[in-house]
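The values are calculated or read from the model by the stated rules, or taken from the named source; none is laboratory data. Values in this document were obtained by computation on a predicted structure and should not be read as measured data. We place every Cβ from the backbone using ideal geometry, glycine too, and count neighbours over all the protein chains shown.
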Amino acid sequence: MTTLTDIVIEDLRWQDAGLDSLAEVAAINTLKHLGFPLDGYEISVLGCDDTRIAELNSEFREKPQPTNVLSWPACDLAPDKEGATPIPPPPPDPMMGEGLGDIAISYDTCLREAQSAGKPMPDHVTHLIVHGVLHLLGYDHVRDRDATLMEGLETVILGKMGIADPYRG
């Protein structure tokens, strides 16, 4: 099996945090749970800091502040009907692969959130990568039923990985 995630580390603290393995395991478990093949898909993950993610958030979402994770899907797979399952991504080309999109994650915000919630940093990072991968696959949380579907998937995927429900107190 080939590697699913392509990791770019801008903030060296992500090396010590093990972003490469956390992202790979989170992406594999997400695709497995949804029944997608693991070979041929590619996801780029940028490990950055609050300054960089604030720049990206400003540029792409017109929100000039840091956030924990951002995602840019390669294809629009979102369903029209609220609460519906997104369109599956195109099958990967065996020769070229299929890029699902890009994820950026901020060390500073992740650390603050994990500490504030009393969660282990690896668990929180894994949750945010699962969250980002689901965004790449057309899931969202803007509309209520979409949020219920997405959060339910996150909870099940993380539970299978031995990580507690991130939406419970």
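Within segment 12-29, can one find any residue that is modelled with pLDDT under 95, buried (at least 17 other Cβ atoms within 10 Å of the Cβ) and in contact with a helix residue (DSSP H, G or I) (Cβ under 9 Å, 6 or more places away or on another chain)? Steps first, answer last, please.
Restricting attention to segment 12-29, the residues satisfying the condition of being modelled with pLDDT under 95 are none.
Scanning segment 12-29, I find no residue that is modelled with pLDDT under 95, buried (at least 17 other Cβ atoms within 10 Å of the Cβ) and in contact with a helix residue (DSSP H, G or I) (Cβ under 9 Å, 6 or more places away or on another chain), so the answer is no.
Any residue that is at pLDDT 95 or above, of a type in the set (A, V, I, L, M) and under 14 Å from the mean Cα position of the chain (by Cα) - is there at least one of those in segment 54-65?
No.
May I ask you to verify whether G132 is touching a strand residue (DSSP E or B) at 6+ places or on another chain (Cβ under 6 Å), surrounded by fewer than 19 Cβ atoms within 10 Å (Cβ to Cβ) and either more than 17 Å from R13 (Cβ to Cβ) or not acidic (D, E) (or both)? Quick ask: steps written out before the conclusion?
Values: touching a strand residue (DSSP E or B) at 6+ places or on another chain (Cβ under 6 Å): yes; surrounded by fewer than 19 Cβ atoms within 10 Å (Cβ to Cβ): no; either more than 17 Å from R13 (Cβ to Cβ) or not acidic (D, E) (or both): yes.
Considered against the rule, which asks whether it is touching a strand residue (DSSP E or B) at 6+ places or on another chain (Cβ under 6 Å), surrounded by fewer than 19 Cβ atoms within 10 Å (Cβ to Cβ) and either more than 17 Å from R13 (Cβ to Cβ) or not acidic (D, E) (or both), G132 comes out as no.
Tell me, please, whether a residue that is within 24 Å of T3 (Cβ to Cβ) and of a type outside the set (F, W, Y) can be found in segment 140-153. Write out each step before concluding.
Here is the first cut: in segment 140-153, the residues within 24 Å of T3 (Cβ to Cβ) are 153.
Subsequent filtering for residues that are of a type outside the set (F, W, Y) retains 153.
Scanning segment 140-153 turns up at least one residue that is within 24 Å of T3 (Cβ to Cβ) and of a type outside the set (F, W, Y).
Looking at segment 112-148 only, could you name the residues that are of a type in the set (A, V, I, L, M) and more than 18 Å from F36 (Cα to Cα)?
At the first step, the residues of segment 112-148 found to be of a type in the set (A, V, I, L, M) are 114, 117, 121, 125, 128-130, 133-134, 136-137, 142, 147.
Across segment 112-148, the qualifying residues are A114, A117, M121, V125, L128, V142, A147.
Which condition does T51 not pass, out of (1) crowded, with 19+ Cβ neighbours inside 10 Å; (2) farther than 23 Å from K160 by Cα, if it passes all the others?
Only one criterion in (1) crowded, with 19+ Cβ neighbours inside 10 Å; (2) farther than 23 Å from K160 by Cα is unmet by T51, namely (1).
Can you tell me which condition S71 does not meet? The list is (1) crowded, with 17+ Cβ neighbours inside 10 Å; (2) of a type outside the set (V, I, T); (3) closer than 14 Å to S106 by Cβ; (4) without any contact (Cβ under 8 Å) to a residue 60 or more places away in the chain, and all the others hold.
Of the numbered conditions (1) crowded, with 17+ Cβ neighbours inside 10 Å; (2) of a type outside the set (V, I, T); (3) closer than 14 Å to S106 by Cβ; (4) without any contact (Cβ under 8 Å) to a residue 60 or more places away in the chain, the odd one out for S71 is (4).
Please determine, by comparing only the residues of segment 81-129 that are touching a Lys or Arg at 6+ places or on another chain (Cβ under 6 Å) and not hydroxyl-bearing (S, T, Y), which one is surrounded by the most Cβ atoms within 10 Å (Cβ to Cβ). I'd like the intermediate steps shown before the answer.
Of all residues in segment 81-129, those touching a Lys or Arg at 6+ places or on another chain (Cβ under 6 Å) come to 82-83, 107.
Filter once more, so that each one left must be not hydroxyl-bearing (S, T, Y): 82-83.
On the way: E82: 14, G83: 12.
So the residue we want is E82.
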